[in-house]
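Notes for the one structure printed next.
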Amino acid sequence: FKKSEFLMMGYGTQGAISSSLLVKVRTKILTEEGKSRGEVSVAHSDFVRLQGFQGRTVHADGRTLPLPADSKFERKISARQKRAVTSVAFPGVEVGAMLDYQYELRFDTMYYLEPWYFSDELPVLFSEVTFKIPAVVQVKAWSSDPFKVGLKTETRVEDGFSVHRP
């Protein structure tokens with residue numbers, strides 16, 4: 001699965017100075033070839049800051065291996081544009097194991113948001129993004145369902161704020 005929650009600047013906590021996107025992912029390793037997915041990369045920059053990457057490998061027998069502190073490394077893609085990629089190597093990746101991780105991206109504007117791809121390189125059984133925005137902001141969600149899998153959308157007001165789930 002791939003789940004995310006977008007909190008627009010001004011939602012919830014008073015005086016929030018940035019918007020954030022909290023991403024949670026769980027990937028199951030099904031084949032020997034799938035073990036190459038044991039390294040996860042997240043793009044970020046000075047504008048979109050990566051915070052709090054946490055993860056673990058969960059084996060079929062219930063054992064869990066947390067990410068060691070030295071499993072993360074960052075490399076610059078562009079010094080001029082201040083873009084980077086942080087890669088994380090999961091320990092003990094084997095067939096039947098699951099990679100379970102989450103991270104947060106923060107940015108200092110309410111207008112910038114990358115597209116949410118429900119499924120990109122790998123098929124995803126369940127994918128969801130929830131947008132939580134101040135009620136005074138008018139938004140319209142746009143979605144495309146090229147494979148005709150049946151995307152669902154929900155909009156409601158929660159504690160005086162708009163909540164959208166495309």
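Taking amide H as placed 1.01 Å from N in the peptide plane, residue 83 has its amide H under 5 Å from the amide H of 77, 78, each at least 5 places away in sequence or on another chain.
For the peptides 97-103, 43-49, 20-26, 122-128, the ranking by packing is 97-103, 20-26, 43-49, 122-128, with the highest mean count of neighbouring Cβ atoms within 10 Å listed first. Working note: Karplus 6.51/-1.76/1.60 with θ = phi - 60° gives the range 90-105 the couplings 6, x, x, 6, 8, 4, x, 7, 10, 9, 10, 8, 8, 7, 10, 10 Hz, where Gly and Pro are set to x.
For a straight C-alpha distance cut-off of 23 angstrom, the lysines reachable from residue 72 (same-chain residues fewer than eight places away being disregarded) are 2, 3, 24, 28, 35, 82. Only aspartates and glutamates eight or more places from residue 132 in sequence, or on another chain, were considered; those with a Cα closer than 17 Å are 5, 104, 108, 114, 154, 158, 159.
Size descriptors for the range 12-110: radius of gyration and Dmax over Cα atoms are 15.5, 48 Å. Here the 3J(HN,Hα) profile of the range 32-41, calculated from phi with Karplus coefficients 6.51, -1.76 and 1.60 at θ = phi - 60°, is 4, 4, x, 4, 5, 7, x, 10, 10, 10 Hz, Gly and Pro shown as x.
None of the figures in this text is laboratory data; all of them are computed from the coordinates on show. Because the structure is a prediction, the values reported are computed rather than measured. Cβ: placed from backbone, ideal geometry, glycine included. Neighbour counts: every protein chain shown.
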